Amino acid sequence: MSLPDPRVTITDTGSGSVTIGGVETPLQAATAGGARDSAILTLLGHARQLGHPVLAGVVDPAMDAPVEVWGELSVLVDPDGTVRVGEHGAAPYVPAEPWLGSDEPVEAAPAADDVAPVIETSGDDDAWSTVLRTPATQQQIVLEVTGGDVVAVTGTAICGRRPVRATAEDTAGLQVLDDVTLSLSKTHLRIEWAGSQPTVTDLHSGNGTTLTRPGGAGVALHPGVATAIADGDVLTVCDWSATVRLPR
């Protein structure tokens with residue numbers, strides 16, 4: 001039997017992995033419940049990148065009733081943060097109850113528009129619940145590409161025409177930026193957050209990256225060095241440019 005892709009494996013020690021497109025990303029947490037939270041967030045980032053729900057197979061021997069065979073457990077993650085769990089072959093589209101990660105379901109608080117609600121979990125739950133899960137909010141910026149698309153970049157992301165991670169340990173998302181000018185490198189820059197401050201790092205790209213503050217002159221980014229960015233800043237790479245927007 002072929003393995004599902006995407007797929008999630010969980011262990012009772014809090015480790016495990018998420019495999020998407022044949023690329024395995026390790027999970028490290030203090031408990032199996034924490035590993036499940038991390039897996040949900042990884043799948044959520046992939047769903048938002050694709051713009052449609054992602055269905056993943058799950059093997060989870062850490063459950064009270066261990067699931068050790070592919071095809072017995074699945075999770076469906078929507079870009080809006082909704083997660084539905086099908087236990088032992090149950091269809092993942094079956095209506096679900098609110099879930100906050102514990103064994104005893106609790107009513108979930110309503111989510112604000114365009115904002116995913118926060119996980120409220122003890123981190124030591126011993127089973128996936130067949131209910132609705134609400135993943136933690138991830139920070140986001142928007143890139144308004146000149147003459148092109150408006151791209152939402154969620155959390156930490158590696159951006160470029162065809163971005164890849166440098167190591168298997170890197171858990172950053174991959175954000176494709178369309179560029180008919182071919183100014184961008186395949187793996188060009190990294191966007192991440194230092195607390196509430198977004199930053200951009202040029203990843204030793206071929207053409208470099210210029211940052212222009214509103215009313216200021218363009219400054220070339222030092223490759224490998226994170227630089228703070230703010231609303232209205234412009235990133236330029238030869239014939240490609242994008243304005244940074246921070247959702248208010």
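The values are calculated or read from the model by the stated rules, or taken from the named source; none is laboratory data. The structure displayed is predicted, hence computed values, not measured ones. Counting neighbours? That spans all protein chains shown, and the Cβs are built from the backbone with ideal geometry, glycine included. All accessible areas refer to the heavy atoms of the entire protein, side chains included, with ligands and DNA or RNA removed. Shrake-Rupley method; radii C 1.70, N 1.55, O 1.52, S 1.80 Å.
Within region 65-85, how many residues turn out to be touching a residue at least 24 places away in the same chain (Cβ under 8 Å) and assigned to a loop (DSSP other than H, G, I, E, B)?
Residues that pass the stated criteria total 8.
Taking Thr154 as the residue in question, decide whether it is open to solvent by 20 Å² or more (accessible area, probe 1.4 Å), of a type in the set (Ser, Thr, Tyr), under 18 Å from the mean Cα position of the chain (by Cα) and at pLDDT 90 or above.
Working: open to solvent by 20 Å² or more (accessible area, probe 1.4 Å): yes; of a type in the set (Ser, Thr, Tyr): yes; under 18 Å from the mean Cα position of the chain (by Cα): yes; at pLDDT 90 or above: no.
Judged against the criteria, Thr154 is not a match.
Before we move on, is Gly224 free of Cβ contacts under 8 Å to residues at least 40 places away in the same chain and under 24 Å from the mean Cα position of the chain (by Cα)?
Yes.
I want to confirm something. Restricting to region 7-26 and keeping residues that are polar (S, T, N, Q) and open to solvent by 20 Å² or more (accessible area, probe 1.4 Å), which single residue is nearest to Val85 (Cα to Cα)?
Thr9
Output the number of the condition that Leu55 fails; it satisfies all remaining conditions of (1) in a strand (DSSP E or B); (2) touching a Lys or Arg at 6+ places or on another chain (Cβ under 9 Å).
Every listed condition holds for Leu55 apart from (2).
Among the numbered criteria (1) farther than 20 Å from Asp170 by Cα; (2) in contact with a Pro (Cβ under 6 Å, 6 or more places away or on another chain), which single criterion is violated by Ala47?
It is condition (1) that Ala47 fails.
Among the residues of region 27-43, is any on the phi < 0 side of the Ramachandran plot, modelled with pLDDT of 80 or more, outside any helix (DSSP H, G or I) and crowded, with 20+ Cβ neighbours inside 10 Å?
Yes - at least one qualifying residue is present in region 27-43.
Go through region 169-189 and give me each residue that's within 18 Å of the chain's Cα centre (by Cα) and open to solvent by 60 Å² or more (accessible area, probe 1.4 Å).
Across region 169-189, the qualifying residues are Glu169, Thr171, Val176.
Being among the hydroxyl-bearing types (Ser, Thr, Tyr) and free of Cβ contacts under 8 Å to residues at least 40 places away in the same chain is true for just one of Thr210, Thr181. Which residue is that?
Thr210
Could you identify the single residue in Glu144, Glu192 that is in a strand (DSSP E or B), modelled with pLDDT of 90 or more and open to solvent by 60 Å² or more (accessible area, probe 1.4 Å)?
Result: Glu144 is the single residue among Glu144, Glu192 that is in a strand (DSSP E or B), modelled with pLDDT of 90 or more and open to solvent by 60 Å² or more (accessible area, probe 1.4 Å).
Against the condition closer than 30 Å to Ala39 by Cβ and either surrounded by fewer than 17 Cβ atoms within 10 Å (Cβ to Cβ) or modelled with pLDDT of 95 or more (or both), how does Ser241 come out, does it pass? Can you show your working first?
Working: closer than 30 Å to Ala39 by Cβ: no; either surrounded by fewer than 17 Cβ atoms within 10 Å (Cβ to Cβ) or modelled with pLDDT of 95 or more (or both): yes.
Answer is no for this residue.
Kindly indicate the residue of region 203-224 that is closer than 15 Å to Val244 by Cα and touching a strand residue (DSSP E or B) at 6+ places or on another chain (Cβ under 9 Å) and also surrounded by the fewest Cβ atoms within 10 Å (Cβ to Cβ) among those meeting that condition.
Pro214
Which one is farthest from Thr199 (Cα to Cα) among residues in region 225-236 that are open to solvent by less than 50 Å² (accessible area, probe 1.4 Å) and in a loop (DSSP other than H, G, I, E, B)?
Going residue by residue through region 225-236, those that are open to solvent by less than 50 Å² (accessible area, probe 1.4 Å) are 227-230, 232-236.
Adding the requirement that they be in a loop (DSSP other than H, G, I, E, B) leaves 229-230, 232-233.
On the way: Ile229: 5, Ala230: 9, Gly232: 14, Asp233: 11 Å.
Among residues in region 225-236 that are open to solvent by less than 50 Å² (accessible area, probe 1.4 Å) and in a loop (DSSP other than H, G, I, E, B), the one farthest from Thr199 (Cα to Cα) is Gly232.
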